[in-house]
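Here is the structure we will look at, set down as structure tokens.
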Amino acid sequence: MHWLAATMLAPRTAAICALALAASAALAGPFECAPLQPSAARAPAYGPAANPGHCEGFFEKTVSQPFIELLSLTRANSPELPSGPLSLKAGAGKPLRIVVQPLRSRPTYRADLQLDPGAVRRWDPSAMLAATGLRAPDLGFLATADAATPSASSGEPAAFVPVEVLPAAATSATALAVLRVSVPVASVSWRSYRIGGAGEPAPPWTALPGSRLLQWQRIALPIALPPDGRTLRVDIEAVDAQDGRALPQLHFLVLGSQ
Amino acid sequence: MDAPDERLVQTRRALGEQLAEQLADPQASLATLRELDERARLLDATIAARRPPPRRRLGAVLWPFACVALLLLAAATLRWPGSVPVTLELRASTVTATLPGALTTEARSIEGELVLEGFSAIEAAPGALAALGAEEQVDPVALRSDQTRLRALALPGPAELTLQVRGGRLSLAVESSRSPVVAHVELRGRSAVRAGDAPGPLEASLERAEWLRLVAGSAAAADRAAPPVELSWPLGPPATAPRFVELMPSALRFAERRAGAGVGATARWRSGVEGGQLTLAATGQVLPIAAGDWLEIDGLATERCEIAVAGELLTLKLNGSAQALRLRAGSLERSLKPTLLEYLSRHHVATLLWSSAVALWGAIAWTRRQFAQQP
């Protein structure tokens, strides 16, 4: 009789356990889709997908393009992206939002994924690749701790955590940032320094080789991560090709593994 | 006169019953019936002749006209209660915009010396200007460089922003109800920064742009109002005149504070309006606004607001709908919103004419009925 009761109770307890897990995942912080305007012309329009913590689709570009934009921040050891579902990971102690967008300026498609601390997120890019006609290397990954959009609006630079695409060969101490300019640019220079490092010598500006870029062209920037895992601030300056004046700088923070 | 009339009425009633009985009786003679009928008619005529004529009550006759008159008066006096669409083109020396939410202004290049007053702390990039980060006193800060850019002025919450052109300089004063107010500045080239009471400016030749972040108030006390800050810079040639298109105000005022002449004189408030015109799309009216008029707009839902500098004045181009529009010229204050009658006559002419016709017909019919009640 006991085994009969157990088999009858098992599905119920399993259901209760699943409910509790879902509730705890939901209580960890409401995951909302980014405040973007879903596209009226192309399908699928930006909105929540079947799984919780997942929003994907085409959206309308309603804000003007910044002069220089960060599209992807990944660990340099990420191998050739495998076909099929990807496993994404970012070492951080708080829930993150992974934003996947094409490295090109069009089409305007975006996927937002919720990443729990210390967990591995599986995501199938086939829906995005089929809808946009892109290949897996054309995608950029950003993991941000901010609420909805990775762009700073209050004056604080946006903070990102380098995304690791599994399987990874070995932990790398270099992050790869992909930048895109929206105007023709004569040169791009950058520097990085630790936050709160008072008394340290002024960090030098480094010009990126091959940074004479056309409009919408992309350039990759390798950033050496500090070994002690502290936050790194990166300043990027681009010089306009037309009048030789500096464009507004791009600032962002690379959060360490603390 | 009452008693004989009562008697006549009673007699007439008794006669009526008698007549009814005789008529019911098939044996009654015609002479008797005729006599009774003749008597009844005589009694009716006498009673009617002796009845006092009904007082012709003027009030009962005229009340429908009074109703219509009252409705018309209300429609011609009361203003349209909702929002009215407004198009405003104005020249003024001062514009005070109430911003309902958070705002980050767009990047602007600045020629000449940028002065920032009212900020409490400064953060500098770890470069040639890093020494500024240690400054205690940062009110005011004067910056000058080859390429100065006011990258952003971040307002965290509802604020009042005043733009004023005076003496060839544009000043932007902000009173924010939330903290902190942050100004981002980028300098490039030969730069000189003087902060607070420092004896001399910090000079540097910057090959790459260095950023400065000036903060008023603190993020820890976000609900407290930030200290009032003011940014001012000189106006350059008309081609580089600044334009503000990102403001979406919910209220507009144009009052300017004029410091009194002489020591100890009190400051006076006067209107900064220099002229313009206001178009109400609801009624198609175009109202000219003269210099010195006090114009106040409240409850504004802005669609487009552009403030540009033209010469020594600010030009405002506004499209939106407003809940309250007040114009004070001298001692005469009036609301510029259309009255109900103006609004209805513009948009619902057919309904207005039909309901007026029906009301008039009803009033005439009622009056005719009143008069027709006379025998």
Notebook entry, point to check: Of all DSSP beta bridges located in chain B, what percent are antiparallel, nearest 5?
Noted result: 100
Check: What is the extension gain from B:Ala134 to B:Ala241, computed as 0.36 nm multiplied by their sequence separation minus the C-alpha to C-alpha distance, in nm to one decimal?
Finding: 35.1 nm
Item checked: trypsin sites (Lys or Arg not before Pro) restricted to the range B:45-147 and DSSP loop, no more than 13 other C-beta within 10 Å -> B:Arg55, B:Arg56, B:Arg57
Note to self: Tell me the mean residue ellipticity at 222 nm calculated for the protein assembly as shown from its helices only (DSSP H runs of n ≥ 4, each -39500 (n - 2.57), averaged over every residue, nearest 500).
What the structure shows: -7000 deg cm²/dmol
Next item on the list: Pairs of Cα atoms under 8 Å, at least six residues apart: use those to get the relative contact order of the range B:119-180, whole percent.
Entry: 24
Next item on the list: Working with all protein chains in place, sort B:Arg270, A:Arg106, B:Arg34 by solvent-accessible area computed with a 1.4 Å probe, largest first.
Entry: A:Arg106, B:Arg34, B:Arg270
Item checked: Set of the range A:80-100 residues, backbone N closer than 14 Å to the point 7 Å along the Cα-Cβ line of A:Thr231 -> A:93-94
Next item on the list: First select every other residue whose beta carbon is under 12 angstrom from the beta carbon of A:Leu115; then total the charges, Lys and Arg +1, Asp and Glu -1.
Entry: +2
Next item on the list: Grab the other residues whose beta carbon is less than 12 angstrom from that of A:Leu139, score K and R as +1, D and E as -1, and report the net.
Entry: +2
Item checked: Label-to-label distance, nm, for residues given as A:Leu166 and B:Leu340 (7 Å Cα→Cβ offset) -> 7.1
Notebook entry, point to check: Which distance in nm do the two modelled labels at B:Phe65 and B:Ala259 give, with both placed 7 Å along the Cα-to-Cβ direction?
Noted result: 6.7
Next item on the list: Mind checking the full-extension length gain between B:Thr77 and B:Thr351? Use 0.36 nm per residue of separation minus the Cα-Cα distance, one decimal, nm.
Entry: 96.7 nm
Next item on the list: List the accessible area buried at the contact between A and B, summed over both sides and calculated with a 1.4 Å probe, in Å² to the nearest 100.
Entry: 1700
Next item on the list: Would you kindly give the portion of the calculated P(r) for the range A:169-258 that falls above 20 Å, as a percent of all Cα pairs?
Entry: 39
Check: Binned at 10 Å from 0, what are the whole-percent values of the Cα-Cα distance distribution for the protein assembly as shown, short to long?
Finding: 3, 11, 16, 17, 14, 10, 7, 5, 4, 4, 4, 3, 2, 0, 0
Check: What angle do you read, to the nearest 10 degrees and between 0 and 90, between the alpha-carbon axis of helix B:30-50 and the longest principal axis of chain B?
Finding: 40
Notebook entry, point to check: With every protein chain kept in the model, how would you rank B:Met248, A:Met128 by accessible area, 1.4 Å probe, largest at the top?
Noted result: B:Met248, A:Met128
Notebook entry, point to check: Given A:Ser182, A:Ala202, A:Leu247, which one lies farthest toward the positive end of the charge dipole of the range A:154-256, if we put +1 on the Cβ of every Lys and Arg and -1 on the Cβ of every Asp and Glu?
Noted result: A:Ser182
Checklist line | Between the range B:6-68 and the range B:254-301, the Cα center-to-center distance that results, in Å | finding: 77
Margin query: Averaged over its residues, how many other protein chain Cβ atoms are within 10 Å of peptide A:228-236's Cβ atoms?
Written below: 1
Note to self: Computing the accessible area with a 1.4 Å probe over protein heavy atoms, can you report the carbon and sulfur percentage for the range B:280-375?
What the structure shows: 60
Check: Over chain B, what is the relative contact order in whole percent, taking alpha-carbon pairs under 8 Å and six or more residues apart?
Finding: 20
Margin query: How far apart, in nanometres, would the label points at B:Arg39 and B:Gln27 be if each is projected 7 angstrom from Cα along the Cα-to-Cβ direction?
Written below: 2.0
Note to self: Taking 41 Å as R0, compute the FRET efficiency from the Cβ-Cβ separation of B:Ala198 and A:Ala34 and round it to 0.05.
What the structure shows: 0.40
Item checked: 0 to 90° range, to nearest 10: angle between helix B:349-372 axis and chain B longest Cα axis -> 30
Check: If the viscosity is 1.567 mPa s and the temperature 4 °C, what Stokes-Einstein diffusion coefficient in µm²/s follows for chain B when Rh is the Kirkwood radius over Cα pairs?
Finding: 47
Next item on the list: Consider just the alpha-carbon atoms of the range A:92-144 and return their Rg together with their Dmax, both in angstrom.
Entry: 11.8, 35
Notebook entry, point to check: For the range B:126-240, what value does the Rg/Rh ratio take when both radii are computed over Cα atoms and Rh is the Kirkwood radius, given to two decimals?
Noted result: 0.98
Next item on the list: May I ask what percent, to the nearest 5, of DSSP beta bridges between residues of the protein assembly as shown are antiparallel?
Entry: 95
Check: Helix B:58-77 versus the longest principal axis of chain B: what is the Cα-based angle in degrees, 0 to 90, to the nearest 10?
Finding: 10
Note to self: At 1.4 Å probe size, what's the solvent-accessible area of B:Ile364? Round to the nearest 10 Å².
What the structure shows: 90
Next item on the list: Could you work out the relative contact order of the range B:222-375, using alpha carbon pairs under 8 angstrom and six or more residues apart, expressed as a whole percent?
Entry: 18
Checklist line | Theoretical gain in end-to-end length, B:Asp146 to B:Ala301 [0.36 nm per residue, Cα-Cα removed] | finding: 51.9 nm
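The values are calculated or read from the model by the stated rules, or taken from the named source; none is laboratory data. Treat the numbers as computed from the prediction; the structure is a model and nothing was measured. With ideal geometry, Cβ positions are generated from the backbone for all residues, glycine too; neighbour counts draw on all protein chains shown. Each accessible area value is taken on the protein alone, full model and side chains, heavy atoms only, with ligands, DNA and RNA left out. Shrake-Rupley method; radii C 1.70, N 1.55, O 1.52, S 1.80 Å.
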